[in-house]
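The values are calculated or read from the model by the stated rules, or taken from the named source; none is laboratory data. These numbers come from a predicted model, not from an experiment. Here the Cβ is made from the backbone with ideal geometry for all residues, glycine too, and neighbour counts use every protein chain on show. Side chains are part of the model used for accessible areas, which takes the heavy atoms of the whole protein and leaves out ligands, DNA and RNA. Shrake-Rupley method; radii C 1.70, N 1.55, O 1.52, S 1.80 Å.
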Amino acid sequence: MERPGRLLLLSELRVGNAACDVSLCRSLLTWKRRSSSGPVYHPFRPSVSHSVSVSEIISVREEEESRGRDDGSWKKIKEREGKDCRLAFTVLYVERRQQHRWRCAEVTFTCPEGALRQHWVGSIREQLAAIASRPKHLLVYINPCSGKRKGKRIYEEKVAPLFAQAGVATQVIVTERANYARDHLRTEAELKKFDGVVCVGGDGMFSEIIHGLIWRTQMDGGVDPDSPDEALLPGSLRIGIIPAGSTDCICFATVGANDPVTSALHVIVGDSQPMDVCSVHHNSTFLRYSVSLLGYGFYGDVLTDSERKRWLGPARYDLSGVKMFLTHHYYEGTVSYLPARGIKGTPRDAARCRSGCVVCQHNGEQLSEKPERYEVDEASDSENDSEWRTIRGKFLAINAASMSCACPRSPKGLSPAAHLADGTTDLILVRKCSRFDFLRHLLRHTSKDDQFDLTFVEVHRVRRFRFTPRYCQSNSDLDMRENGKHQLFSQICRDHPACGCAPAYSSWNCDGEILTHTAIDVRVHCQLIKLFARGIEEPMVFEDLPNPCAI
Ligand SMILES: Nc1ncnc2c1ncn2[C@@H]1O[C@H](COP(=O)(O)OP(=O)(O)OP(=O)(O)O)[C@@H](O)[C@H]1O
Ligand SMILES: CCCCCCCCCCCCC/C=C/[C@@H](O)[C@H](CO)NC(=O)CCCCC
Ligand SMILES: [Ca+2]
């Protein structure tokens, strides 16, 4: 029973031919078919009830009076649809489909009189306007070259009409070159005018957006991005991702699907998902930020090789993946890391990071309440500090996954138990092993088997790590990528793997971009940015499922 104080509206309205009791409470719009004997409970004819949370209503519109008036079909429409459009209003709302997809559904209510319709429409609009987290003005960047080059069409056909229906104003910029969006955000964009930034593209385009926004925030706040020890300032604008790229792992891991309509709806309802960001430095020079994968060895080589095959589209990764698997290069070097202590969660947990994740909440609160704890670790981070661990060896792959990196290629991801916003990254070390063993490890990314349960694989949840390739160790300040001799030999070996000579170094794959240095220092910044997302929702239990019987 609803407490009377919470009930805003209760009317008998029609939905199609059926009379319904329709109520609007503070957070719920409910319509329930009346049984023929009135609103009394009938054990053999249960009435169908639908509820929509106001937070998931997209918009409400009054139906047009002119429909069918001129050609005399008005009466027919009335008869067929059982409604008088002059007194009707339609509510557009989020409907959940399979595999975390959202769609915009609608229901039309017919009122007995115009004043009642006004009252209903006005009340719903008032409630929607009171949701402060909904964006009203968005800055949209479209990469016309992402994935299968369909970004512009996807935005125009699937996303723009939804934003228009929801009354979200946009400024749309189609990028003209790589780094156009990043540079525009750094220097030109009037960010005060907007409630968020939307990027239409892949992980590389998202990377441009965060680089622009994070840079601008640090400049405005007087923070030096070149200092690996300085805490970065969080930005105020949320970012929406309309997936149109080749991997789209950031969208997949934060929403659960790579679907432009689903993403647009998460933007409209004003969702918010905090996310960790890693800063990557070489000595005291800032290189890049990363939110998904930092991969040396296998994933670095796959990316380097695939960049020469861009014309192939998303299939380039499969081809380069097979090639690099057969090439089977290993790399020598030293990894040092600062284990994440005093936090919840481990990389071998069965639990996954999901919507409203308690691990992320707990760790985020702990790091913001006791930043000194974090700072103490950071301040005493000399190589001699007992907290730091060091591993020297030969590796096929060194991967740091700050989130699961789930994507359609690997629905559980590189580190299935990694968290979006817990202030840590999972450092995965795959030591030199046979081709057969490496294949076992890789294939486990696509099955239920545990990819870490192998003797040559280890995984550590860390807050900071460093890597130095072996050939840099004699002079750690010198990065051998800048040494012409080694670069030349390495290039020859890369292009002619049959020569049997192992290359000295690989490259880092940083969220799909190649880094210019191999010796790096990586630090996780807990919850530095926010997305228009809510994390992957758990599948609904039976009682929560929308009733399939439409009214
Ligand atoms: N107008 C443009 N012309 C050429 N390149 C662009 C343009 N705008 C952005 N870029 C660059 O294109 C690269 C790839 O873009 P994006 O990440 O959107 O697609 P993708 O590589 O197909 O997808 P994914 O990163 O998911 O694999 C990015 O590095 C980005 O900087
Ligand atoms: C021989 C059979 C092997 C099958 C194994 C499949 C394993 C798949 C794991 C997928 C991990 C994706 C990690 C995501 C990285 C993104 O930040 C980045 C940018 O989009 N994508 C790539 O680098 C693209 C990297 C694509 C790698 C294949
Ligand atoms: Ca994380």
Kirkwood-based Rg/Rh on the Cα set of the range 223-304 evaluates to 1.03
Among 262-268, 410-416, how do they line up by average Cβ neighbours within 10 Å per residue, starting with the highest? 262-268, 410-416
For the range 270-359, what is the accessible area per residue in Å², given a 1.4 Å probe and the full set of protein chains? 37
Ignoring ligands and nucleic acids, what accessible area does LYS150 show with a 1.4 Å probe (Å², nearest 10)? 90
Rounded accessible area of TRP388 (nearest 10 Å², 1.4 Å probe): 20
In Å², nearest 10: area of VAL459 left accessible to a 1.4 Å probe: 20
Kirkwood Rh over alpha-carbon pairs of the range 150-287 plugged into Stokes-Einstein at 20 °C, 1.002 mPa s gives a D in µm²/s of 135
Working with all protein chains in place, sort CYS510, CYS357 by solvent-accessible area computed with a 1.4 Å probe, largest first. CYS357, CYS510
Phi-derived 3J(HN,Hα) across the range 238-245 with the Karplus relation (6.51, -1.76, 1.60, θ = phi - 60°), rounded Hz, x for Gly and Pro, is 7, 10, x, 10, 9, x, 8, x
Cα-derived Rg over Rh, computed across the range 404-468 with Rh taken as Kirkwood radius: 0.98
I need the phi-derived Karplus couplings for the range 444-457: 6.51 cos²θ - 1.76 cosθ + 1.60, θ = phi - 60°, integer Hz, Gly and Pro marked x. 5, 5, 10, 10, 7, 5, 7, 6, 8, 7, 9, 4, 8, 10
Given a Förster radius of 60 Å and the C-beta distance between PHE286 and ALA18 as r, what FRET efficiency does 1/(1 + (r/R0)^6) yield to the nearest 0.05? 0.45
